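The values are calculated or read from the model by the stated rules, or taken from the named source; none is laboratory data. The structure presented is a predicted model; accordingly, all values stated were derived computationally and were not measured. As a convention, Cβ positions derive from the backbone with ideal geometry for all residues, glycine included, and neighbour counts pool all protein chains shown. These accessible areas exclude ligands, DNA and RNA; they are computed on the full protein's heavy atoms, side chains included. Shrake-Rupley method; radii C 1.70, N 1.55, O 1.52, S 1.80 Å.
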Amino acid sequence: ASDFQIRQAVGIDTSELLVARTGIRGSNDLVWVGRSANLAAKLCSLRDGNYASWITSDVYNMCRDDVKTASGASMWEQRSWTAQGGMTVYRSAYTWPL
């Protein structure tokens, strides 16, 4: 028996990005550089209970109201991300039934 558990999270931010192809000929890859790539990757590392979705306030503010609520209740909880100097982020554990 193992106590191994898979824990997954998704982080989303928005900003302009630069993409560069790097590596050696025949074995190269794309590298994404910019604030949103950096913050989204860091948000993915946040694991807190059942909260698997994390977005920055820029993303939250861009969302229409009908994607922020379900049955009249907010799907998002506002948090202060102290590791990023108190940046406002939102987390969600909301799921839809299948």
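Observations on the model:
- Selected residue (only one of S57, S71 is of a type in the set (S, T, N, Q) and touching a Ser or Thr at 6+ places or on another chain (Cβ under 6 Å)): S57
- Per-region count, segment 20-66, residues at pLDDT 95 or above and over 19 Å from the mean Cα position of the chain (by Cα): 0
- Any chance D13 is open to solvent by less than 60 Å² (accessible area, probe 1.4 Å) and at negative phi: yes
- Residue count for segment 5-29 satisfying the condition of being among the hydroxyl-bearing types (S, T, Y) and in contact (Cβ under 8 Å) with a residue 40 or more places away in the chain: 2.
- Unique match (being surrounded by 12 or more Cβ atoms within 10 Å (Cβ to Cβ) and touching a residue at least 40 places away in the same chain (Cβ under 8 Å)) among W76, W32, W54, W81: W54
- Candidates in segment 88-98 are the residues that are modelled with pLDDT of 95 or more and out of contact with any Ser or Thr (no Cβ under 6 Å at 6 or more places or on another chain); of these, the one that is farthest from A9 (Cα to Cα) is Y90.
- One residue stands out in segment 84-98 among those that are over 18 Å from S36 (Cβ atoms) and not hydroxyl-bearing (S, T, Y): the one that is most open to solvent (accessible area, probe 1.4 Å), namely L98.
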